[in-house]
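Report on the structure given below.
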Amino acid sequence: MPENTSITIKVINSDKQQSPPTQEEIEAKLRQEGYEVFCWTDLPGVIYPRHKHTEDQCIWIIEGELEFQVGEQLYNLHAGDRIYLPSSTAHMVKTPKLTSATYVVGKKY
C-alpha cells in the first residue's frame with residue numbers, strides 16, 4: 001500500500017465547558033457523516049505500533065485518553081475529542097499506562 005505523503009489530519013477538541021457527547025450521539029453523528037461505526041475499549045498501556053488503514057477513519061473518545069502519533073506530530077485526545085485520519089495514513093496509537101480508553105471508531109470506505 002503506498003504511503004500517503006500529503007495527508008491532512010483533522011482534530012476536533014471537545015468544548016470542555018460542556019459534557020462530552022454520549023456514545024449514542026457520537027454514533028448517530030458519524031453515521032450521518034457516512035461512517036460505519038463500532039465501539040472499542042483499550043486497557044491501560046495498550047500500544048498499536050505504526051500501521052495504516054485502507055479506509056478513512058474517525059476516532060471519537062468517549063472516556064479516557066488516547067495518544068496518536070502521525071510522523072513526528074503527537075495528538076493527545078481526551079473524552080469528547082476526535083481525530084479524522086485519511087486512508088493510508090501511517091500512525092501509532094497508545095493508551096496511557098494508568099488510563100483505559102473507550103472510543104467509537106468510524107470507517108468510511
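Can you pull out every residue in the range 69-81 that is part of a strand (DSSP E or B), closer than 19 Å to P44 by Cα and either among the β-branched types (V, I, T) or touching a Phe, Trp or Tyr at 6+ places or on another chain (Cβ under 9 Å) (or both)?
Listed by number, the residues that qualify are Q69, L74, Y75, N76, L77.
Mind listing whichever residues of the range 53-104 are in contact (Cβ under 8 Å) with a residue 60 or more places away in the chain and of a type in the set (D, E, K, R)?
D81, R82
Which of the following residues is part of a loop (DSSP other than H, G, I, E, B) and either closer than 22 Å to T8 by Cα or not aliphatic (A, V, I, L, M) (or both): T41, T102, T89?
Criteria check complete, one pass: T89.
Yes or no: the range 19-36 includes at least one residue that is closer than 19 Å to K108 by Cβ, in a strand (DSSP E or B) and at pLDDT 95 or above.
Yes, because at least one residue in the range 19-36 is closer than 19 Å to K108 by Cβ, in a strand (DSSP E or B) and at pLDDT 95 or above.
Looking only at the range 35-64, count how many residues are among the aliphatic types (A, V, I, L, M), loosely packed, with under 14 Cβ neighbours inside 10 Å and under 12 Å from T102 (Cβ atoms).
1
For D15, which of the numbered conditions (1) closer than 14 Å to R82 by Cα; (2) exposed (fewer than 12 other Cβ atoms within 10 Å of the Cβ); (3) in contact with a strand residue (DSSP E or B) (Cβ under 9 Å, 6 or more places away or on another chain) fails to hold?
Against the list (1) closer than 14 Å to R82 by Cα; (2) exposed (fewer than 12 other Cβ atoms within 10 Å of the Cβ); (3) in contact with a strand residue (DSSP E or B) (Cβ under 9 Å, 6 or more places away or on another chain), D15 comes up short only on (3).
The values are calculated or read from the model by the stated rules, or taken from the named source; none is laboratory data. Since the structure is predicted, the reported quantities are computational estimates derived from the model, not experimental observations. Glycine also receives a Cβ, built like all others from the backbone with ideal geometry; neighbour counts cover every protein chain displayed.
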